[in-house]
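Engineer: My questions all concern the structure below.
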Amino acid sequence: MSSPISPACAPFEPLPSRRQVMAAGAAGLALAALPAGAATPPALAELVARLTEGAAPERAGIALDIPQLVENGNSVDVAIRVESPMTEADHVRWIHVIAEKNPYPDVARFHLSPRSGRAEIRATLRLATSQKVAAVAALSGGGYVMADADVVVTLSACIDGG
Amino acid sequence: MASFNARITMPAEARAGEIVEVRVLVRHPMDRGGQVDAGGATVPRKILNRLTVTYAGEPVFRYDMHTGVSANPFVSFTTRAVETGDLIFEWREDGGATYTRTARLVVT
C-alpha cells in the first residue's frame with residue numbers, strides 16, 4: 001500500500017485528468033497543476049498551545065503508557081497517570097489526548113475531580129498512522145503538564161474503510 | 001441502535017475512603033463518518049460523544065469522545081467510595097439518543 005491513509009479517511013481530492021496533466025506539462029506547469037495536497041496537519045505544539053491557552057506545559061509528573069509498536073491502529077490501549085494528591089486544593093481537572101496526524105487530532109478528554117481519588121485512566125483509541133501521541137493534563141492550580149510518545153502503526157485505522 | 005450493550009466492571013462493595021476502579025466497555029461501532037459501505041454509500045458519523053458518571057447524585061467522571069476513540073470503546077477510571085449509592089452511567093450519542101446504566105456500590 002502506498003499511502004497510510006486511504007481516500008475514505010482523508011478528504012478526497014480528485015487527481016488531475018490525463019488531459020489536464022498533458023496540457024499543463026506542455027506549458028511546463030505540471031507541478032502547479034497537481035493538487036496542493038491535504039492541508040498540512042497543525043504541529044503538535046500548536047495543538048497543545050490551543051489547549052493550554054498559550055502556556056507552556058511542564059514535562060513532568062505525568063506518565064503516558066502506550067505501545068511503541070501497534071499492529072492495529074483501530075484499537076490502541078493507552079494508560080495515563082498524573083502524579084497528584086487529588087485533593088480539593090490540588091487536583092487534575094482534565095486529561096486531553098492528542099494524535100497529531102489523525103484526521104481529527106483531538107481524540108478524547110477525561111474530566112476528573114477530587115472525587116476521583118487517583119488521576120489514572122485507561123482507554124482505547126484509533127490511530128490513523130504512525131505519529132506522536134500526546135497527553136495534556138490541566139491542574140487545578142492553573143498549570144499544565146504533558147507527555148508524548150512516538151507510536152509506529154503497522155495497520156492504520158481507516159485502511160479498510162471499516 | 002436496537003440494543004445497547006454495556007459491561008460495567010467494579011467492586012460491589014468497598015470500605016469508606018477506598019479508591020475503586022470502574023471499567024466500562026460498550027458495544028458500539030463508533031462510525032467516524034466518511035467510510036464507504038458495501039453498497040458504495042458514505043456512512044454518516046455516529047459515535048457516542050460523551051459518557052457522564054454520577055455517584056450518589058454527584059458527577060464524578062466525564063469522558064468526551066471524538067472520532068479518534070476506537071469502536072467498542074473501553075474506559076477505566078477511579079472514584080473514592082464515600083457512601084452507599086448508585087453510579088449512573090449516561091452515554092450521549094450523535095443524533096441525541098441517550099443510554100443509561102446503573103451500578104450500585106455498597107460502602108461499609
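Since every read-out is calculated from the coordinates, none of them should be taken as a lab result. As the structure is a computational prediction, the values presented were derived from the model and not from experiment. Heads up, the Cβs are rebuilt from the backbone with ideal geometry, glycines too, and the neighbour counts pull from every protein chain shown.
Engineer: How large are Rg and Dmax for region A:56-155 when only the alpha carbon atoms are used, in Å?
Structural biologist: When restricted to Cα atoms, region A:56-155 yields Rg and Dmax of 13.6, 44 Å.
Engineer: What percentages make up the Cα-Cα pair-distance distribution of chain B when the bins are 5 Å wide from 0?
Structural biologist: 2, 11, 22, 21, 15, 11, 8, 4, 3, 2, 1, 0
Engineer: Turning to a different aspect of this structure: If R₀ is 35 angstrom, what is the calculated FRET efficiency for the pair A:Ala43 and B:Glu18, using the beta carbon separation as r and rounding to 0.05?
Structural biologist: Values: r = 43 Å, r/R0 = 1.23.
Once the sixth-power term is evaluated, E becomes 0.25.
Engineer: Something else about it: Hand me the GluC sites (Glu not before Pro) from region B:28-108 located in a DSSP loop with no more than 15 other Cβ atoms within 10 Å, in residue order please. Could you put the intermediate results ahead of the total?
Structural biologist: Working: sites: B:Glu83, B:Glu90, B:Glu93; in loops: B:Glu83.
Sites meeting the loop and neighbour criteria: B:Glu83.
Engineer: Per residue of region A:137-151, in order, report the coupling 6.51 cos²θ - 1.76 cosθ + 1.60 (Karplus, θ = phi - 60°) as ³J(HN,Hα) in whole Hz, putting x for Gly and Pro.
Structural biologist: Taking θ as phi minus 60°, the curve returns 10, 9, 9, 5, x, x, x, 9, 10, 8, 9, 9, 8, 8, 10 Hz for region A:137-151.
Engineer: Determine the sum of side-chain charges near A:Lys132: Lys and Arg each +1, Asp and Glu each -1, restricted to other residues whose C-beta is under 10 angstrom from that of A:Lys132. All intermediate terms of the calculation are to be shown ahead of the outcome.
Structural biologist: Details: positive: A:Lys101; negative: A:Glu100, A:Asp148, A:Asp150.
With Lys, Arg at +1 and Asp, Glu at -1, the neighbours total -2.
Engineer: By the scheme Lys and Arg +1, Asp and Glu -1, what is the net charge of all other residues having a beta-carbon under 11 Å from that of A:Ala45?
Structural biologist: Here the charged neighbours net out to -1.
Engineer: Net charge near A:Arg122, counting Lys/Arg +1 and Asp/Glu -1 over other residues with Cβ under 10 Å of its Cβ? If you can, show how the numbers build up before the last one.
Structural biologist: Numbers: positive: A:Arg81, B:Arg23; negative: A:Asp65, A:Asp77, A:Glu120, B:Glu21.
Summing Lys/Arg as +1 and Asp/Glu as -1 gives -2.
Engineer: How much length is gained if the chain between A:Asp90 and A:Thr154 is pulled fully straight, taking 0.36 nm per residue apart and subtracting their Cα-Cα distance, in nm to one decimal? Please report the intermediate quantities before stating the final value.
Structural biologist: Working: separation 64, 0.36 × 64 = 23.04 nm, distance 4.00 nm.
Stretched fully, the A:Asp90-A:Thr154 segment lengthens by 19.0 nm.
Engineer: Calculate one ³J(HN,Hα) per residue across region A:76-90 by plugging θ = phi - 60° into the Karplus curve 6.51 cos²θ - 1.76 cosθ + 1.60, and present them in order as whole Hz with x for glycine and proline.
Structural biologist: 10, 6, 9, 10, 10, 9, 10, 6, 7, x, 6, 9, 4, 7, 9
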